[in-house]
1. Starting from the Cα-Cα distance between K237 and K166, subtract it from 0.36 nm times their residue separation and give me the gain in nm to one decimal.
2. If amide H atoms are built 1.01 Å from N in the plane of the peptide, which residues on other chains or at least 5 residues away come under 5 Å of the amide H of N95?
3. Any idea of K99's accessible area? Nearest 10 Å², probe 1.4 Å.
4. Between F56 and N70, what is the label-point separation in nm under the 7 Å Cα-to-beta-carbon projection?
5. Mind ranking 136-145, 47-56, 229-238 by how tightly packed they are, going by the mean number of other C-beta atoms within 10 angstrom, highest first?
6. Given only helices, namely DSSP H runs of n ≥ 4 each adding -39500 (n - 2.57), what is the per-residue ellipticity at 222 nm of the chain, to the nearest 500 deg cm²/dmol?
7. Would you mind calculating the relative contact order of the chain from Cα pairs under 8 angstrom and at least 6 residues apart, reporting the percent as a whole number?
8. Relative contact order for the range 133-223: what is it in percent, counting Cα pairs under 8 Å that are at least 6 residues apart?
Amino acid sequence: MAANTEDFVIVGAQNSDANEHISKPALSFWQDAWRRLKLNKLAVISMWFLVFILGFAIISNVFVKQNDANSFDSDNVGKYKNLPPKSGLPIPGWNGTIKEPGATESTNPYTDNNVKKNYLFGTDTIGRSLGKRVIVGLRISLLVAISATLIDLLIGVSYGVFSGWKGGTIDVIMQRIIEIMSSVPNLIVVTMIGLLLGSGVTSIIIAIALTGWLSMARQVRNMTLSLKERDYVLAAKALGESSTKIAIKHLIPNMAGTIIVQIMMTVPNAIMFEAVLSAINLGVKPPTASLGSLISDAQSMLQFYPYQILIPSAVLVLISLAFILLGDGLRDAFDPRASED
């Protein structure tokens, strides 16, 4: 009995165009990284939070001057000192009431001292607005961290690319220099810079930059050793491209993901390092405030006026945490092996 060929269907023959259809759109490396980053909700929230903080720090220069944050009324220190946070709303902890040292019940210093102005974050021990000082401290801390990170980026990338590209004896000598510098504690370097230049923002930036680029240089050097043997680099060398052009056009763009992730991890480290230096009086000069100096100044009043240390500490923790979460998200986004699809 002859088989009826109409009963058989050739799979895939219904639509020949479907066989050539690409299921996913062609994406560049950066587009694919951005797609993976958007899947990490914490990283996206951290990114927008940092954008807001950086924008606020820049715009606040117009409204909150450093002199305004440092100034106080010397004739009315007793009237304005240690005022608790007051938002004007009946929110516990933000309603202008506080239990004074030795008192059994909460009082309202605003009413007792006839203070008409509301201080959203309260005042410090000599009557300066804590809100203004936190804003100025945020600017100082970000300025120190970002400036030091940019210097780290310039020195670390240049040093790492040169060391990895040259290789051989030059690479060995340059890596021994890094090992020697890494063995010197950062605190000693900072102390020496402070003795030479004095305490201040400039000396902190230089001190952090002198030691912060070592990790970046190691990362870039390792990537350079791997990338310089790739076919496109060998082709560029065969075509007569100079080493500088190869580094700028081929090496650095292909390690941009690693560099960006390293930057995201360097910034919070620099912020915390600046806070530690300010806490041990090696930071910015008084009366200029940074987040670290605010925390240091409020330590003695923690038991009686905890808001004076909790507010700058919360700002410091949130910014550092946002950079770390964004760095983790970028690390996963730039690593194709981290993709789940």
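1. Length gained between K237 and K166: 24.2 nm.
2. Amide H neighbours of N95: S87.
3. Roughly 110 Å² of K99 is accessible to a 1.4 Å probe.
4. Reported label-point gap for N70 and F56 is 2.4 nm.
5. Listed from highest to lowest mean packing, they are 136-145, 47-56, 229-238.
6. Estimated from H runs of four or more residues: -20500 deg cm²/dmol.
7. 22 percent
8. Worked out over the range 133-223, it gives 52 percent.
The values are calculated or read from the model by the stated rules, or taken from the named source; none is laboratory data. These numbers were taken from a predicted model, which means no experiment stands behind them. Cβ coordinates were reconstructed from backbone atoms using ideal geometry, including for glycine residues, and neighbour counts include every protein chain displayed. These area figures cover heavy atoms from the full protein model, side chains too; ligands, DNA and RNA do not enter into them. Shrake-Rupley method; radii C 1.70, N 1.55, O 1.52, S 1.80 Å.
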